[in-house]
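Just so you know, all these numbers are worked out from the coordinates, no wet-lab data involved. Bear in mind the structure is a predicted one, so any value in this text is a computation, not a measurement. Every residue, glycine among them, receives a Cβ derived from its backbone with ideal geometry; neighbour counts consider all protein chains shown.
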Amino acid sequence: MHSMSIQENRTVMGSKINMVKSPLLAFTESPAVEIVNTNGTSSAVLVCDHASNRVPAQLGTLGIDSFQLMGHIGWDPGAANVARSLSVYLDAPLVLSGYSRLVIDCNRPLYSEDSIAEQSASVQVPGNCGLLPIEKELRVDALFQPYHQAISQLLDSRINQSSMLLSIHSFTPVLNGQHRPWHIGVSSGHDRGLADLMIRTLSHNGRFNIGDNEPYQIDDNIDYTIPFHGEGRGLPCVMFEIRQDEISSEASASEWALRLAEAYQLIENEALNSFA
Ligand SMILES: [Zn+2]
C-alpha cells in the first residue's frame, strides 16, 4: 500500500486512522532485521524469529504493561544470545527479527489469527484489537517482509555453499500451570532428517531431557519460517526450542550455543551427505 492510499484512508476513516502513521518505523528506530556474519562459512544458516521485545515507538506498549512485554509473550528470552554465540562458534550467518512477536509474529503465516495476536497466554493486547487492514499491512510491510526478504536473499546468495537452516527459539518453563521437563526441544516438520541426527547427538551424554517435537512440532498452519525457507527450498532444517531458565544469563546461553555447535559439527558431514 502506498503512502498516498494511507493518506486517503486517513481522511476517509476519521479519528481511528489518525493512529496510523507511515512509515511504521521512524528513521531513528532500530531496523526491522539484523543480519550478523553475512558471509559466514558454515553450512548452517541461523534465524531467530523472536529475538526482540522491541515495539515501534508509535505503537507504545500495545496497551499492555511493559513488564509483560519483557516476558515470554513479547519475545523468546535468551534465544538471541544463544543464536549470536552459535553464529560465532560455527562462523554461521544469522538473521534476527528486530521487533516483538506481539507487533507481528514473523513465525506465523499472515492468515493466522496469531500473526497479530489479540490475546497471548491469557493477556489481552489492546493495541492489536480491531485493527484496520491498513494497520496490519503497515506491520507486514515494515517488519514481516524485510525479515523474510533478508532470509531469502541470504539463502539466494549462497549459490556455492550448501545450507542447512537452524531456527533458534526458547520456551517458558511453565505454561498454563504445566511444568515442562525438557531442557531443549528439537522440532521437525515434514523432514525429520536433521532433527534426528541432532537428537541422537545431543542425547549422547545423557545429561539432558531432549524433547522430540516437544514442546512444539513444526506445523504448516502455525509456523512460517521453517516451512517457507527450509522445507520450501528443500533444505535440511530444524528448530531448537530451549527452556528459558536454561539460558537466563549470557553465560548459560553461550554454554547451550557451544553444545549445539559441537553437536552440529559432529553430524554436519553426515547431514550434508544424506540430505543436502
Ligand atoms: Zn519463538
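Taking the Cα centre of the chain as origin, sum charge times position over the Cβ atoms of Lys and Arg (+1) and Asp and Glu (-1), and report the length of that vector in debye to the nearest 20.
Numbers: 17 positive and 31 negative charges, 85 e Å.
In debye, rounded to 20, the chain gives about 400.
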For the chain, find the longest principal axis of its Cα atoms and tell me its angle to the long axis of helix 79-90, 0 to 90°, nearest 10.
40 degrees
Taking the beta-carbon count within 10 Å as an exposure proxy, list Ser30, Ser120 from fewest neighbours to most.
Ser30, Ser120
Compute the length gained on full extension between Val174 and Phe228: take 0.36 nm times their separation in residues and subtract their Cα-Cα distance, giving the result in nm to one decimal.
16.5 nm
Report, to the nearest 10°, how far helix 3-13 tilts away from the longest principal axis of the Cα atoms in the chain, using its own Cα long axis and a range of 0 to 90°.
50 degrees
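Filter the chymotrypsin sites (Phe, Trp or Tyr not before Pro) in region 36-132 down to the DSSP loop ones having no more than 15 other Cβ atoms within 10 Å, then list what survives. Before the final figure, lay out each step's value.
Details: sites: Phe67, Trp75, Tyr89, Tyr99, Tyr111; in loops: Trp75, Tyr99, Tyr111.
Here the chymotrypsin sites (Phe, Trp or Tyr not before Pro) that fit, given the DSSP loop and packing criteria, are Tyr111.
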Can you put His50, His72, His204 in order of Cβ neighbours within 10 angstrom, beginning with the fewest?
His204, His72, His50
Given labels modelled 7 Å from the Cα in the Cβ direction, how far is it in nm from Asp196 to Glu262?
2.5 nm
What residues qualify as long-range amide H neighbours of Ala44, i.e. H under 5 Å apart, gap of 5 or more or another chain, H built at 1.01 Å from N?
Met164
So if R0 is 41 Å, what FRET efficiency would Asp91 and Phe67 give, r being the distance between their Cβ atoms, rounded to the nearest 0.05?
0.65
Projected-area mean, region 198-276, by convex hull of Cα positions, square nanometres:
5.9 nm²
So how do Glu113, Glu250, Glu231, Glu241 line up by other beta-carbon neighbours within 10 Å, fewest first?
Glu113, Glu250, Glu231, Glu241
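For the chain, what is the calculated [θ] at 222 nm in deg cm²/dmol (nearest 500), taking -39500 (n - 2.57) for each run of four or more DSSP H residues and dividing by its residue count?
Working: 7 runs with 84 residues, N = 276.
Theoretical 222 nm ellipticity from helices: -9500 deg cm²/dmol.
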Distance from region 87-139 to region 149-182 (C-alpha centre basis), Å:
15 Å
Helix 145-157 versus the longest principal axis of the chain: what is the Cα-based angle in degrees, 0 to 90, to the nearest 10?
40 degrees
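When a/c reaches 1.5 or more, the comparison of a/b and b/c decides; with that in mind, is region 138-276 rounded, prolate or oblate per its Cα gyration tensor? Each step should come with its number before you reach the end.
Working: a/c = 1.69, a/b = 1.20, b/c = 1.42.
Since a/c reaches 1.5 but b/c is at least a/b, the shape of region 138-276 is classed as oblate.
In the P(r) worked out for the chain, what percent of Cα pairs fall beyond 36 Å?
On the way: 5803 of 37950 pairs.
Of all Cα-Cα distances in the chain, 15 percent exceed 36 Å.
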